[in-house]
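Trainee: Here it is, the structure in full.
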Amino acid sequence: MLAYAEKMKDILFILVVTAIFSAIAHTVGSNGNLAAASIGSLFLVVIALIGIVLSQLPVLKKLPMVFWVSAVAVVVSLPDFPGSAWVLSHTKDVGFLSITTPILAYGGLCLGKDLDAFKKLSWKIVPVALAVSAGSFICATALAEIMLHLEGVF
């Protein structure tokens with residue numbers, strides 16, 4: 001139980017630091033309101049924390065943590081969920097790019113920590129990364145085209 005408490009303390013610390021950096025990045029990057037971005041970031045921390053706690057329950061542990069965090073975020077943003085308009089009014093003040101900045105920094109730190117494993121992949125990671133990027137771009141473009149045609153916009 002002590003290990004779980006330590007793990008949750010570390011996760012909470014990382015979430016709070018990410019929220020602080022996100023709020024500052026949003027304020028600096030888009031001349032936003034620091035107070036509004038901070039409140040929105042705090043809501044996102046709470047949503048992520050609820051999803052993380054759910055993912056640690058034994059009966060729900062079969063699905064990844066990202067699934068549970070996403071599921072909580074979707075449920076909280078549903079129009080019929082009590083207080084969803086209030087939550088959405090605060091979280092809209094946090095820009096997507098300001099959230100990705102600290103996440104990419106953490107990814108870089110993790111990669112730097114396992115540099116030996118990255119070296120073992122050598123050149124093989126480049127075509128995989130290009131294929132994933134191209135596939136994501138092509139699928140997103142195709143989906144956008146379909147939706148624009150269905151909506152009659154294009």
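The values are calculated or read from the model by the stated rules, or taken from the named source; none is laboratory data. Predicted model, so just to flag it, every value in this text is computed and none were measured. Cβ sites come from the backbone with ideal geometry, for glycine too, and all protein chains shown count toward neighbours.
Trainee: Pairs needed: first member in the range 122-142, free of Cβ contacts under 8 Å to residues at least 12 places away in the same chain; second member anywhere, assigned to a helix (DSSP H, G or I) and surrounded by 10 or more Cβ atoms within 10 Å (Cβ to Cβ); C-beta distance under 9 Å; at least 6 residues apart or different chains.
Mentor: Here the result reads Ile125/Phe118; Val128/Leu121, each pair linking the range 122-142 to a residue that is assigned to a helix (DSSP H, G or I) and surrounded by 10 or more Cβ atoms within 10 Å (Cβ to Cβ).
Trainee: Which number in (1) assigned to a helix (DSSP H, G or I); (2) at pLDDT below 85; (3) closer than 24 Å to Gly29 by Cβ marks the one condition that Val126 misses?
Mentor: Failed condition: (3).
Trainee: Further question on the same structure: Condition first: at pLDDT below 80 and either of a type outside the set (A, V, I, L, M) or touching a Cys at 6+ places or on another chain (Cβ under 6 Å) (or both). Can you find one or more residues in the range 83-95 that meet it?
Mentor: Yes, the range 83-95 contains a residue that is at pLDDT below 80 and either of a type outside the set (A, V, I, L, M) or touching a Cys at 6+ places or on another chain (Cβ under 6 Å) (or both).
Listed here are the residues, each with its yes/no results for (1) under 18 Å from Ala36 (Cα atoms); (2) among the β-branched types (Val, Ile, Thr).
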site	(1), (2)
Gly51	no, no
Lys61	no, no
Val66	no, yes
Asp80	no, no
Val87	yes, yes
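Trainee: While we're looking at this one, here's another question. What tally of residues in the range 54-89 results from selecting those that are under 18 Å from Tyr4 (Cβ atoms) and polar (S, T, N, Q)?
Mentor: Total satisfying the criteria: 2.
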